[in-house]
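**Student:** Please see the structure below; I have some questions.
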Amino acid sequence: MHPFAFVRPADAAAAVAAAAQANTAQQGADVRFVAGGTTLLDLLKLHVETPAWVIDIHRLPLNQIDATPDGGLKIGATARNADLAHHPTVQREYAVLSQALLAGASAQLRNMATTAGNLLQRTRCVYFRDTAMPCNKREPGTGCPAITGTNRTLAVLGTSAHCIATHPSDMCVAMAALEATVHVQGPKEARAVPIGDLHLLPGSTPHRETVLEPGDLITHVTLPPPIAGSKQVYLKLRDRASYEFALASAAIVITVSGGRVIRARVALGGVGTKPWRSPEAESALVGKPADAANFRKAAEAALRDAKPQSENGFKIELARRCLTHALHMAATG
Ligand SMILES: Cc1cc2nc3c(=O)[nH]c(=O)nc-3n(C[C@H](O)[C@H](O)[C@H](O)COP(=O)(O)OP(=O)(O)OC[C@H]3O[C@@H](n4cnc5c(N)ncnc54)[C@H](O)[C@@H]3O)c2cc1C
Ligand code: SF4
């Protein structure tokens, strides 16, 4: 493993101050936080990440899951994925989040993985994880071999000529449909980032994955109060039933009254370069009868701009069917 100094800060302020010395918060940063370590330690072993300093934040008191005064939920950055998935309020009021977390990884990994670590997990693109290969995300300007190579699991939405890597998280897809807000403590101030603004499209700078800057520590995530009467579903399609990333997934938060959709929040996973909220699907649904024909139209709208690569064209129809079926499950559940 690449040698690095290991720091255990006394509190969040010390963690932020130490991380603020980094040249960047992005790929290649010389200072990294580590929480559960289930993403970072693998990448250290593979020499994909080579920081000089690793700041251990997993013992900071940031693991609480509490109600907020407005009736929403505050989820600490170091709350474990397992604790969040099994929290009674999450199971009752934010079922889509519980389902998404339980569809991810394995029980052992969920016991270690944290909320912030999940938000910032890195792509599973095989070239990114192989330092013998070029990769614009790992080493800017070297090229993207995935475009002409192995790309079956990669993205069809939000891609660029420089990177087509899929964002691998399930949790983030549910949080996108729940309109979560990510709270960040920086060296100078704290700020709140809507989840849709946290991750960046690859464009010509795929090494810049988020809007985080040096020293930025995610402290917690908030969810707005639950929508009374909403139905929620997370549906994940993958090559095997567990311990596998999504080929396509859909998170649905929908309210149906009198047979019509009156509110819809839709997000897709496994197909986008970031967790993919679909305003196109949402506006195709609202005001329409909650029936199979309209669910299919919404799915077609969501995938209208999809761009297949040489091996992953099948994902477009798979995602349409995933979304159509998830809408049916939510509306009839
Ligand atoms: C075999 C395997 C299968 C998996 N399958 C799935 C799956 O099906 N679905 C899925 O969604 N995920 C899956 N995962 C990914 C897993 O969910 C993530 O590895 C995990 O959520 C990361 O959390 P962590 O706390 O371990 O992160 P760490 O490894 O500790 O950190 C990850 C990144 O986040 C940064 N970071 C951590 N906390 C903070 C903070 N508070 N502020 C700022 N930066 C921070 C770190 O610097 C690092 O860059 C899988 C992982 C493995 C190894
Ligand atoms: S898709 Fe992105 S992560 Fe994969 S090789 Fe291309 S640039 Fe690297």
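One line per residue, one yes/no per condition, for (1) assigned to a loop (DSSP other than H, G, I, E, B); (2) under 27 Å from SER283 (Cα atoms); (3) free of Cβ contacts under 8 Å to residues at least 40 places away in the same chain; (4) not hydrophobic (A, V, I, L, M, F, W, C):
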{"residue": "HIS207", "(1), (2), (3), (4)": "yes, no, no, yes"}
{"residue": "THR222", "(1), (2), (3), (4)": "no, yes, no, yes"}
{"residue": "ALA228", "(1), (2), (3), (4)": "yes, yes, yes, no"}
{"residue": "GLN232", "(1), (2), (3), (4)": "no, yes, no, yes"}
{"residue": "LYS236", "(1), (2), (3), (4)": "no, yes, no, yes"}
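**Student:** Only one of these is open to solvent by less than 10 Å² (accessible area, probe 1.4 Å) and either under 23 Å from ILE75 (Cα atoms) or within 16 Å of ligand 2 (Cβ to nearest atom) (or both): VAL233, VAL221. Name it.
**Tutor:** Only one candidate passes the filter, namely VAL221.
**Student:** Continuing with this model, one more query. Among the residues of the stretch 318-329 satisfying the criterion of being under 22 Å from the mean Cα position of the chain (by Cα) and open to solvent by 20 Å² or more (accessible area, probe 1.4 Å), which is farthest from GLN232 (Cα to Cα)?
**Tutor:** LEU318
**Student:** Taking ALA241 as the residue in question, decide whether it is in a loop (DSSP other than H, G, I, E, B), aliphatic (A, V, I, L, M), open to solvent by 60 Å² or more (accessible area, probe 1.4 Å) and more than 16 Å from ligand 2 (Cβ to nearest atom).
**Tutor:** yes
**Student:** Here is a check on your reading of the model: is CYS135 surrounded by 24 or more Cβ atoms within 10 Å (Cβ to Cβ) and near ligand 2 (Cβ under 10 Å from one of its atoms)?
**Tutor:** yes
**Student:** Same structure, new question: Looking at ALA5, ALA17, ALA67, can you tell me which residue is among the hydrophobic types (A, V, I, L, M, F, W, C), within 22 Å of HIS183 (Cα to Cα) and in contact (Cβ under 8 Å) with a residue 24 or more places away in the chain?
**Tutor:** Answer to the check: ALA17.
**Student:** Give me the pairs, please: first residue somewhere in the stretch 319-333 and at negative phi, second residue anywhere and open to solvent by 70 Å² or more (accessible area, probe 1.4 Å) and among the acidic types (Asp, Glu), beta-carbon distance under 7 Å, and either six or more positions apart or on two chains.
**Tutor:** Note: pairs meeting the criteria are ARG320/GLU300.
**Student:** A further question follows. Anything in the stretch 102-132 that is over 19 Å from ALA155 (Cβ atoms), without any contact (Cβ under 8 Å) to a residue 60 or more places away in the chain and crowded, with 16+ Cβ neighbours inside 10 Å? List them, or say none.
**Tutor:** LEU102, ARG110 - these are the residues of the stretch 102-132 that are over 19 Å from ALA155 (Cβ atoms), without any contact (Cβ under 8 Å) to a residue 60 or more places away in the chain and crowded, with 16+ Cβ neighbours inside 10 Å.
The values are calculated or read from the model by the stated rules, or taken from the named source; none is laboratory data. Model, not experiment: these values are computed from the prediction. Note: ideal-geometry Cβ built from the backbone for every residue, glycine included; neighbour counts use all protein chains shown. Side chains are part of the model used for accessible areas, which takes the heavy atoms of the whole protein and leaves out ligands, DNA and RNA. Shrake-Rupley method; radii C 1.70, N 1.55, O 1.52, S 1.80 Å.
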